[in-house]
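Comments concern the structure below.
The values are calculated or read from the model by the stated rules, or taken from the named source; none is laboratory data. Quantities reported herein were computed from a predicted structural model and do not represent experimental measurements. Here the Cβ is made from the backbone with ideal geometry for all residues, glycine too, and neighbour counts use every protein chain on show. All accessible areas refer to the heavy atoms of the entire protein, side chains included, with ligands and DNA or RNA removed. Shrake-Rupley method; radii C 1.70, N 1.55, O 1.52, S 1.80 Å.
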Amino acid sequence: MEIDNIECVSVSDGLIDDAIPHHNHHHHRPPHPHPHPHPHQNNPNPNPNPNPNPNPQFSSSKTHNVNVVPSTIHPTTSVHELLECPVCTNSMYPPIHQCHNGHTLCSTCKARVHNRCPTCRQELGDIRCLALEKVAESLELPCKYCSLGCPGIFPYYSKLKHEAVCNFRPYSCPYAGSECSVVGDIPYLVSHLRDDHKVDMHSGCTFNHRYVKSNPREVENATWMLTVFNCFGQYFCLHFEAFQLSMAPVYMAFLRFMGDENDARNYRYSLEVGGNGRKLIWEGTPRSIRDGHRKVRDSHDGLIIQRNMALFFSGGDRKELKLRVTGRIWKEPPNSDGSNVCIPNLC
């Protein structure tokens, strides 16, 4: 739940509203990996006046010899269609179930249809379609993200495992509070965050945020904010939120990289918060947005500030939260583990 009584004042190198490309709102939905080929008639002497009767065996003519020539269909396409569950339209993996009439469906959907065949409404037993499972073992299919650039061809039973970690799969929206289901590439998500979620956009590799909350003792529900930075030609998401940690309220700030984990390792960042002559410093590697917001938070991979310390930093009568968080992002030198990086004083 996003809170209305937090004020975020950002000092950065400048806004990048003009630098962010505007994209049409769309979801990336890759086409079917095997489009249906156009049928070709193999009859070398097609009849210019075909019999209009749809059932030629009942034709009144005694001299007609009708040769039915099937259309040419790519075998992989037809088998792939046989392996699509008629309920969820996903590819079926063992166990593949069938009814007494031979209609198939996946094991997940078998429970959804209350043991009734969705095609003929006959009762489903515990019949496995072993023949179709054997056919699936012989197939090699392209990744479903082939239209997004993935060149891989995989055995049928390895394809699903690859697609779960494919580097070409779309990214999920990193705006966590609304449980947003939008997916897309990075430029699209940047525009989506700015236009739909009204997220603050900044350029530059240093930042200075001030977080103000009038009643810091109300943290029963997670409260958080998000800011996006354009730095080194990449985008980074800065999160700040409050939540309960072992029944104690804490505040946490961390950075996520808008890209894959391997690319995220090329960067480092530091966060600093302090007041009244005290200071806390965090240095780490940004996590990829492939890792969900809750996963990063629950791993405590960021700057964590206990409420008492946060109120001490805020000064005054300790009834209002006033935290100033400064930070910096830098590029990690090649073949460096980050152990010799010196953090400058950012105050």
ask   = Going through region 267-297 one residue at a time, which ones are without any contact (Cβ under 8 Å) to a residue 40 or more places away in the chain, part of a strand (DSSP E or B) and among the basic types (Lys, Arg)?
value = Arg278, Arg287
ask   = Is one or more of the residues making up region 253-260 at pLDDT below 90 and of a type in the set (Lys, Arg)?
value = no
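Among residues belonging to region 160-179 that are part of a loop (DSSP other than H, G, I, E, B) and among the hydroxyl-bearing types (Ser, Thr, Tyr), point out the one that is least open to solvent (accessible area, probe 1.4 Å). Quick ask: steps written out before the conclusion?
Applying the first criterion (part of a loop (DSSP other than H, G, I, E, B)) to region 160-179 yields 166-170, 173-179.
In the following step, the residues that additionally are among the hydroxyl-bearing types (Ser, Thr, Tyr) were identified as 175, 178.
Working: Tyr175: 22, Ser178: 64 Å².
Step by step, filter region 160-179, then rank; the result is Tyr175.
Residue-by-condition table, conditions (1) surrounded by fewer than 23 Cβ atoms within 10 Å (Cβ to Cβ); (2) assigned to a strand (DSSP E or B):
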| position | (1), (2) |
| --- | --- |
| Leu226 | yes, yes |
| Phe229 | no, yes |
| Leu238 | no, yes |
| Glu241 | no, yes |
| Gln244 | yes, yes |
| Pro249 | yes, yes |
| Phe254 | no, yes |
| Asn262 | yes, no |
request  = Quick one: Pro75 ticks every box in (1) at pLDDT below 85; (2) under 27 Å from the mean Cα position of the chain (by Cα) except a single one, so which number is it?
outcome  = (2)
ask   = Between residues in region 146-159 that are within 23 Å of Lys134 (Cβ to Cβ) and residues that are in a helix (DSSP H, G or I), which pairs lie under 6 Å by C-beta distance while being six or more apart or on different chains?
value = Phe154/His162; Tyr156/Ala136
inquiry  = For the structure I just gave you, tell me whether His192 is at pLDDT 90 or above and part of a helix (DSSP H, G or I).
reply    = yes
Residue match in region 317-336 (condition: surrounded by 18 or more Cβ atoms within 10 Å (Cβ to Cβ) and more than 18 Å from His209 (Cα to Cα)) = no
inquiry  = Condition (residue is of a type in the set (Lys, Arg), within 30 Å of Gly184 (Cβ to Cβ), at pLDDT below 90 and open to solvent by 100 Å² or more (accessible area, probe 1.4 Å)) applied to region 294-302: is it met by at least one residue?
reply    = yes
task = Please list, ordered by first then second residue, the pairs with beta carbon atoms under 8 Å, 6 or more apart or interchain, first in region 180-208 and open to solvent by 20 Å² or more (accessible area, probe 1.4 Å), second basic (Lys, Arg).
result = Cys205/Arg328; Thr206/Arg328; Asn208/Arg324
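When region 133-145 is examined, which residues are found to be free of Cβ contacts under 8 Å to residues at least 24 places away in the same chain and either polar (S, T, N, Q) or crowded, with 18+ Cβ neighbours inside 10 Å (or both)?
Ser138
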ask   = What is the residue count in region 129-155 for residues that are part of a helix (DSSP H, G or I) and either modelled with pLDDT of 85 or more or of a type in the set (A, V, I, L, M, F, W, C) (or both)?
value = 10
request  = Determine if region 106-121 includes at least one residue that is buried (at least 16 other Cβ atoms within 10 Å of the Cβ), on the phi < 0 side of the Ramachandran plot and modelled with pLDDT under 85.
outcome  = no
